[in-house]
Every structure is written in structure tokens, then in C-alpha cells.
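What follows is a short report on a single structure.
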Amino acid sequence: MQIKPQHVQPVIMSGIMAFLMTAVITWLNLGFPPDFLSRWLHAFVVAWPLAALAAFIAIPIAQRATRRIVAAFGTR
């Protein structure tokens, strides 16, 4: 099986997004309790697969929408 960029990119992008978002949301909800790291990592482990699935669904939709917007406001 050949690994293709269109399969790897959403996984990496969602990992970065989930990593940052779970850190911020965990901090906003809890502050920095002694078990912050374990709570954050638990949230990240749950969020990353869901974010990857969402990315695989959202990326084609976003690409189509982007093409339409660019075409509508494109060069004249």
C-alpha cells in the first residue's frame, strides 16, 4: 500500500490542531491543577481520531468552497 499525501496531511493537521485545542480548552476549564498533563493528554488521545475524521470530511468541502469563492471574486 502506497502512502499518499492526501491521506497523511489530514492526520498531521488534525494532530496539531487537537494538540493545541485540547491544551487551551483543558487550561480554560481547569487552570493548572497537579494532574493537568494527564487530563490534557487524555483529552488529546480522544480528540485526535475525531479531529482526523472531521478533517477527512471537511477538507474536500473546504476545497470546493474555496474554488467557488475564488472564482466568484477572482481576477477580472
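Just so you know, all these numbers are worked out from the coordinates, no wet-lab data involved. Bear in mind that the values here come from a model prediction, so they are computed numbers and not experimental data. With ideal geometry, Cβ positions are generated from the backbone for all residues, glycine too; neighbour counts draw on all protein chains shown.
Structural remarks
- D_trans [Stokes-Einstein, Kirkwood Rh over alpha-carbon pairs] for segment 1-69, 37 °C, 0.692 mPa s, µm² s⁻¹: 244
- Backbone phi angles across segment 22-37, fed through the Karplus curve with coefficients 6.51, -1.76 and 1.60 (θ = phi - 60°), yield HN-Hα couplings of 5, 5, 5, 5, 4, 5, 4, 7, 10, x, 10, x, x, 9, 3, 4 Hz in residue order; Gly and Pro are listed as x.
- Remark: the residue 25-residue 53 segment gains 8.1 nm on full extension, using 0.36 nm per residue and subtracting the alpha carbon distance.
- J(HN,Hα) series, segment 62-67, from Karplus relation 6.51 cos²θ - 1.76 cosθ + 1.60, nearest Hz, glycine and proline x: 5, 5, 5, 4, 4, 4
- With a Förster radius of 30 Å applied to the beta-carbon distance between residue 38 and residue 4, the computed FRET efficiency rounds to 0.30.
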